[in-house]
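The values are calculated or read from the model by the stated rules, or taken from the named source; none is laboratory data. As the structure is a prediction and not an experimental result, all values here were calculated from the model. No Cβ is skipped: glycine too gets one built from the backbone with ideal geometry, and neighbour counts run over all protein chains shown. With ligands, DNA and RNA removed, areas are computed over all heavy atoms of the protein, side chains included. Shrake-Rupley method; radii C 1.70, N 1.55, O 1.52, S 1.80 Å.
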Amino acid sequence: VVEPFLLLLLLYMMASSSSRFISTVAVLALIAVAIFGGGGGVVSANEGVDVSTPVSASEWACLKKTLNINRAIIRCFMEVGRIDSACSGSVSAAHTAGIATVDIYIFPCTKCTSPNATEQVRLTVEHMKSANLKFGTLWFDIEAPGSAWGSDKSKNIAFFDAMLKEGKALGVSIGVYSSASQWVPIFGSDYNGGASVQLWYPNWDDAQNFSDFHSFGGWTKPVMKQYASPKDAVCNVGIDKNWYP
């Protein structure tokens, strides 16, 4: 980068005043490339991974270095109706490794009566507080119609509404992970009850953009995309890859 920079600087000094503006723009553009686009400059990528297995601090550090991630999304409540025992350790390890944003997610147990929808959210938040661990967003993983969710849409809506109400009452940042192919069979095409919170959606097209997104559930714009699910582990960890602008 240095040699082209010096050449542009020389041309700038030799240029007439009428052409110096263009030269100035070129110099500033090259400086930006040198600072932000070089190997040791400021990182501008917004990459993250989500996990559902235990991850140590050294593994997080490896993921951070290998994939240049700045976000971790960790399962904290499982579909079997209890807190994931690996959650607090993985969250703490992510903080130790210097991951900038550490989120958690709930895969709800819709067939559970104890804990019910409200209690599942409360237990998850209380689990973080009891471990003195901070998190960014609490995501609700809404998928698997016909298995994780029953066929009664009105009951499904009531369950989700209870989760959302409790999350808001607890004052935490809430988001939904889902897609049209999952959301609509669970709640129906007319239900927009989650549109007031953030949307994170999956489409494993390996594209780091939202050009593939089509509105559903009242959402017109997502905040994050799960764009790949590598077959092989990375740093000994099974991950999904996520991108956000």
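Quick look at the numbers
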read-out: Residue among LYS134, LYS129 that alone is without any contact (Cβ under 8 Å) to a residue 24 or more places away in the chain, of a type outside the set (A, V, I, L, M, F, W, C) and closer than 17 Å to ARG75 by Cα; value: LYS129
read-out: Residues (open to solvent by 20 Å² or more (accessible area, probe 1.4 Å), within 13 Å of PRO108 (Cα to Cα) and not hydrophobic (A, V, I, L, M, F, W, C)) located in segment 153-176; value: ASP161
read-out: Qualifying residue in segment 225-237 (condition: in contact (Cβ under 8 Å) with a residue 24 or more places away in the chain, charged (D, E, K, R) and open to solvent by less than 10 Å² (accessible area, probe 1.4 Å)); value: yes
read-out: Number of positions in segment 59-96 that are surrounded by fewer than 20 Cβ atoms within 10 Å (Cβ to Cβ) and among the hydrophobic types (A, V, I, L, M, F, W, C); value: 7
read-out: ILE106 surrounded by 24 or more Cβ atoms within 10 Å (Cβ to Cβ), within 14 Å of the chain's Cα centre (by Cα) and within 19 Å of GLY150 (Cα to Cα); value: yes
